[in-house]
Each structure stands twice: as structure tokens, then as C-alpha cells.
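Contents: one structure, followed by commentary.
The values are calculated or read from the model by the stated rules, or taken from the named source; none is laboratory data. These figures come from a predicted structure and were not determined experimentally. Note that each Cβ is placed from the backbone with ideal geometry, even for glycine, and that neighbours are counted across all protein chains shown. Only protein heavy atoms, including side chains, enter the accessible area calculation; ligands, DNA and RNA are left aside. Shrake-Rupley method; radii C 1.70, N 1.55, O 1.52, S 1.80 Å.
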Amino acid sequence: MDRIIDYQATQPVSKVGQIRPIPIPHSPRRAVLATIRITIPQRDANNNHVELIGTVGVRGVTGTSQLLFKIFRDGREIFRSQEGVESDSESEVNYIVTVQAIDTNVRGGSHTYQFTVENSTNGTEAAVVGPISFSGLAIASGKDDDKGHDQDRNHRRW
């Protein structure tokens, strides 16, 4: 039976407009949007997965920016996605971007996950306007020692 072994979440900005727009740096520089720490017990090492969800509100400032959203585990990139953001005032200017990644068979110990953004298009500008949230749910995969408990439950008489 699968079971939750850790859950962490942060929401540094809860609303659009709650912060002054933060310019998104051009690649290879990046802005760290949020950081969480997930702990995997040694008994669940390499028999787990960590579900990661990051959400951020961004705005196009000039041109059409291609934003790279990345998730790192312990400084190593494990996920990347891209979103185009326009600045045309007659079109959409504010965007909410949500990314979801699954990190599998993570070794035991404490791990730092970072959610980042960078602008890969020269001559354009974009900004973070909020909200920002980032969460991680670590789940251990079913083990043989849980089977006996399942069998006991299945043989109960109601």
C-alpha cells in the first residue's frame, strides 16, 4: 500500500499584484521562485516518487518572451517546460503558469527542490506578478510488509 512520507508547501505570494513586478532574468541567469525541502526516510529510498507542483503569475512587458520554468533537486535540473508570454495590451498580458513534475526513486535523505524561471528570448521583457506557490508530496511505493495488513482488512466480517 502506498503511503505519504513527506509533504511540504510554500506560498511566498498569494495574490496577483501583491508584490511589485519582479523582472525575469535572461538565460542563463534565472530567478528562484520558491524552495522546499523533502525528506525521504532510508527505508523508502529508491522506492518512492515525489510529486511537485509549481504555480506562478507572470506578465509580458515587451515583445513575446519564451519563459523556461525549471525544477531542480539538490542543484541538478530534473524538469523543464516552456511558456510563451505576450505583452500586447490588446491581448492577454497576465498569465498563470502551472508546472507538474514527478521525481522517481529518490535516494534517502533530505533534498532541496527549487522552482525557477528565466527568459530565453533576447530583446523581450517579462515579470513575475504573483501568485507563487510550490509544493511537494513524497509517496512511498507499496511494500510486502503492508500486504498482511491488507489481508486482515479483507477478511473482516461486517
Quiz item: Of the residues ILE53, ILE36, which single one is among the aliphatic types (A, V, I, L, M) and either surrounded by 18 or more Cβ atoms within 10 Å (Cβ to Cβ) or touching an Asp or Glu at 6+ places or on another chain (Cβ under 7 Å) (or both)?
Solution: ILE36
Quiz item: Do you know which of the residues in region 40-50 that are surrounded by 14 or more Cβ atoms within 10 Å (Cβ to Cβ) and among the polar types (S, T, N, Q) is nearest to LEU137 (Cα to Cα)?
Solution: ASN48
Quiz item: Considering region 81-124 alone, what residues qualify as being closer than 13 Å to LEU67 by Cβ, in contact (Cβ under 8 Å) with a residue 40 or more places away in the chain and open to solvent by less than 50 Å² (accessible area, probe 1.4 Å)?
Solution: VAL85, VAL97, VAL99, PHE115, THR116, VAL117, GLU118, ASN119, THR121, THR124
Quiz prompt | Cβ pairs under 6 Å, 6+ apart, first in region 31-44 and touching a residue at least 12 places away in the same chain (Cβ under 8 Å), second aromatic (Phe, Trp, Tyr) and in a strand (DSSP E or B) | solution = LEU33/PHE115; ALA34/PHE115; ALA34/PHE134; ILE36/TYR113; ILE36/PHE134
Quiz item: Out of curiosity, is ILE19 open to solvent by less than 20 Å² (accessible area, probe 1.4 Å) and over 12 Å from GLY136 (Cβ atoms)?
Solution: no
